[in-house]
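Written out below as C-alpha cells is the structure these notes cover.
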Amino acid sequence: MSSIQENLKHIKSTLPEHVTLVAVSKTKPISDLMEAYNVGQRIFGENKIQEMADKYEAMPKDIEWHMIGHVQKNKVKYMAPFVSLIHGVDDIKLLKEINKQALKHDRIIDCLLQIKIASEDSKFGMTPDDARVLLESETLSELKNIRIMGLMGMATFTDDTYQIKKEFNVLKHTFDTLKPLEIFNFKPKIISMGMSGDYKIAIDCGSTMVRVGSSIFGERNYSG
Ligand SMILES: *Cc1c(COP(=O)(O)O)cnc(C)c1O
C-alpha cells in the first residue's frame, strides 16, 4: 500500500460515520488521485475549474467532483455538466449563472453558501445576515435548477485552537439558525468545515463534511 493509501485509510478510520471526506487533490497528478480511487475514494475536491474538468475527462465516471475554490462566473459553464457540489458560493449573481448553466444541461446543481468566519481578509464568504437575505430572496425562489445543501466555511490559519473553535461554532450556529427556513430549493444537510490542520476540531463543532488535502496527498508544491 502506498503512503497516499495509508494516509487515506488512517484518516477514514478516525472519521465518524456521519462525516463525509472530500479528498482535496488540487495540484496533484492523476496518478495520485487514482491511488486514492483504487482504495475506494470517490469524492475529490479541486479549486480550479479547468484542472477539475481535465481530471474529470481523464478519470472514471463514478467520481463526485466538488468545486471548493472561489468560482469565477465565466467559468461555471466548464463544470456545469458534471460538478456534484459547489462549496464556495457567496453571491446571488453567481447562483444565477450556475442556475442558467444547470438548466442548459437539464440538471440541478447542489451548492453550499460560503460564510466568512475567519478574521483574515483574504478569505471569501458572506455574513450570516447576507445568507439569510439571499435565502429569503425572491431571486433565489426563481432558481429552480440549483439546490442549496448547506454551508461552508474556513477558519483562520492559526495555532490558536480556541479561535478556530469559536469560528467553527459560528458556522454551526448559523446553520442551526437558517435550517428551519422553508424554501423549496434549500435542503440544509451539509456543514462543510475542516481541513488537514483542523478537521478534528471541526468535527467536534458539528462538521458533516471535511475537506482534507495535504494529510492525504502530502504537501503541495505551490499554495492553492
Ligand atoms: C486546499 C483547500 C483545502 C485542503 O487543505 P489541506 O490543508 O491541504 O487539507 C480545503 N478547503 C479548501 C477550500 C482549500 O482550498
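In whole Å, what are the Cα extents of the range 139-224 along the three principal axes, biggest one first?
42, 28, 18
Compare 77, 26, 172 in a GNM of the chain, Cα atoms joined below 10 Å, and give the one with the largest fluctuation.
77
Using a probe of 1.4 angstrom, how much of the accessible area of the chain is carbon and sulfur, in percent?
Details: 5410 of 10840 Å².
Accessible surface attributable to carbon and sulfur in the chain totals 50 percent.
Please work out how much length the chain gains when fully extended from residue 58 to residue 183, using 0.36 nm per residue of separation minus the C-alpha to C-alpha distance, in nm with one decimal.
Values: separation 125, 0.36 × 125 = 45.00 nm, distance 3.73 nm.
Net length gain for the segment: 41.3 nm.
For the range 165-209, which chymotrypsin sites (Phe, Trp or Tyr not before Pro) are both in a DSSP coil and crowded by at most 15 other Cβ atoms within 10 Å? Show your work: numbers first, answer last.
Details: sites: 168, 175, 184, 186, 199; in loops: 184.
Counting only loop positions with at most 15 other Cβ atoms within 10 Å, the chymotrypsin sites (Phe, Trp or Tyr not before Pro) in the range 165-209 are 184.
At 222 nm, what helix-only mean residue ellipticity would the chain give, in deg cm²/dmol to the nearest 500, using -39500 (n - 2.57) for each DSSP H run of four or more?
Numbers: 10 runs with 88 residues, N = 224.
The helix-only estimate for the chain comes to -11000 deg cm²/dmol at 222 nm.
For a quick check of understanding: with a 1.4 angstrom probe and all protein chains in place, what accessible area in square angstrom does residue 70 have, to the nearest ten?
80
Around residue 167, what is the net charge, scoring Lys/Arg as +1 and Asp/Glu as -1 over all other residues with Cβ under 11 Å from its Cβ? Don't skip to the answer; put the middle values down first.
Details: positive: 116, 123, 165, 166, 172; negative: 120, 160, 198.
After counting each charged neighbour, the total is +2.
Heavy-atom accessible area of residue 211 with all protein chains present, probe 1.4 Å, nearest 10 Å²?
10
Amide H neighbours of residue 126 under 5 Å, counting only residues 5+ apart in sequence or on other chains, H built in-plane at 1.01 Å?
Result for residue 126 returns 114, 115, 116.
Determine the gain in length on full extension of the stretch residue 73-residue 219; use 0.36 nm per residue of separation and subtract their C-alpha separation, reporting nm with one decimal. Don't skip to the answer; put the middle values down first.
On the way: separation 146, 0.36 × 146 = 52.56 nm, distance 2.92 nm.
Contour length minus Cα-Cα distance gives 49.6 nm.
Past the 22 angstrom mark, what percentage of all C-alpha to C-alpha distances in the range 3-210 do you count? Please report the intermediate quantities before stating the final value.
On the way: 10488 of 21528 pairs.
I get 49 percent for the Cα pairs in the range 3-210 exceeding 22 Å.
For a quick check of your reading of the filter: which GluC sites (Glu not before Pro) in the range 51-149 sit in a DSSP loop and have no more than 14 other Cβ atoms within 10 Å? Mind showing how you got there, number by number?
Numbers: sites: 51, 57, 64, 97, 120, 136, 138, 142; in loops: 120, 136, 142.
Sparse-neighbourhood loop GluC sites (Glu not before Pro): 120, 136, 142.
Excluding ligands, DNA and RNA, what is the solvent-accessible area per residue of the chain at a probe of 1.4 Å, expressed in Å²? Working shown, then result.
On the way: 10840 Å² over 224 residues.
For the chain, the solvent-accessible area averages 48 Å² per residue.
The values are calculated or read from the model by the stated rules, or taken from the named source; none is laboratory data. The structure presented is a predicted model; accordingly, all values stated were derived computationally and were not measured. All Cβ positions, glycine included, derive from the backbone under ideal geometry; neighbour counts span all protein chains shown. Note: accessible area is taken over every heavy atom of the protein model, side chains too, but ligands, DNA and RNA are not part of it. Shrake-Rupley method; radii C 1.70, N 1.55, O 1.52, S 1.80 Å.
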